[in-house]
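Notes to accompany the following structure.
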Amino acid sequence: MKRSLAFLLGVLAVTAGCQKTESSTEIVLEISTNIPVPAGINTLSLKIGSQGNPQALSKTYPLGTGAGQIMLPRRMTLVPTDANTVLSVLVEGLLGGKTVVSRQVITSFAKGQSKFLSVELLQKCVGQVCPNTQTCTPSAFCADPRIDPATLPTFDPSQGPKTPGLDPDAGASTDAPLDRF
């Protein structure tokens with residue numbers, strides 16, 4: 001039996017296990033890593049916000065295979081209460097309480113569309129320090145964290161994790177259940 005959970009976060013809702021319709025306005029967020037878990041990172045910090053509510057969700061998750069821990073990749077569905085919502089996502093991989101790697105994305109929802117947003121915590125970004133207005137990208141360069149929602153792919157629930165180079169032997173899981181944070 002699927003659990004159903006929804007958090008109304010000002011202008012942003014995070015849903016789990018909810019029925020999707022063809023006209024849903026949503027972003028399916030997938031967080032993945034190629035860094036060994038738990039040796040390289042053992043905690044995931046997730047901060048999701050919007051213009052009106054910059055820290056709508058701020059949570060940490062222990063990484064691993066034990067009770068109460070999660071493995072990456074993981075997916076979460078983000079649903080706006082206003083289709084014009086600008087979304088800010090900050091994902092950090094921590095080890096012993098210290099940030100090892102981080103990635104920020106700023107985008108917005110595409111009205112009536114289900115978009116897919118992949119946020120990767122990559123080994124090549126470990127130790128990369130970017131200016132406050134930039135983030136480490138998959139090419140390991142510091143760049144603007146803004147992504148045009150028109151460039152995000154449409155979410156296809158029949159496809160598994162889309163993260164290229166995902167290495168299950170490095171501690172990453174290839175099992176990416178939807179909405180299980």
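The values are calculated or read from the model by the stated rules, or taken from the named source; none is laboratory data. Quantities reported herein were computed from a predicted structural model and do not represent experimental measurements. Here Cβ is always computed from backbone atoms with ideal geometry, including for glycine, and neighbour counts include all displayed protein chains. Each accessible area value is taken on the protein alone, full model and side chains, heavy atoms only, with ligands, DNA and RNA left out. Shrake-Rupley method; radii C 1.70, N 1.55, O 1.52, S 1.80 Å.
Take the conditions crowded, with 19+ Cβ neighbours inside 10 Å and within 22 Å of SER58 (Cα to Cα) and apply them to ARG146. Does it pass?
no
Out of the stretch 42-59, which residues are part of a strand (DSSP E or B) and free of Cβ contacts under 8 Å to residues at least 24 places away in the same chain?
SER58
Taking the condition of being under 24 Å from GLY52 (Cβ atoms), free of Cβ contacts under 8 Å to residues at least 60 places away in the same chain and among the basic types (Lys, Arg), how many residues in the stretch 108-136 meet it?
0
One residue is enough: does the stretch 15-24 have a residue meeting the conditions modelled with pLDDT of 60 or more and either part of a loop (DSSP other than H, G, I, E, B) or surrounded by 17 or more Cβ atoms within 10 Å (Cβ to Cβ) (or both)?
Yes, there is a match, as at least one residue in the stretch 15-24 is modelled with pLDDT of 60 or more and either part of a loop (DSSP other than H, G, I, E, B) or surrounded by 17 or more Cβ atoms within 10 Å (Cβ to Cβ) (or both).
Go through (1) surrounded by fewer than 20 Cβ atoms within 10 Å (Cβ to Cβ); (2) under 17 Å from ILE31 (Cα atoms) for ARG103 and report which single condition fails.
(1)
Which of the residues spanning the stretch 124-165 are more than 23 Å from LYS98 (Cβ to Cβ) and not in a loop (DSSP other than H, G, I, E, B)?
If the condition is that a residue be more than 23 Å from LYS98 (Cβ to Cβ) and not in a loop (DSSP other than H, G, I, E, B), then ALA143, ARG146, PRO149, ALA150, THR151, THR154 are the ones that fit.
Filter the stretch 62-84 for residues that are open to solvent by less than 10 Å² (accessible area, probe 1.4 Å) and assigned to a loop (DSSP other than H, G, I, E, B) and give the result.
GLY64, LEU72, PRO73
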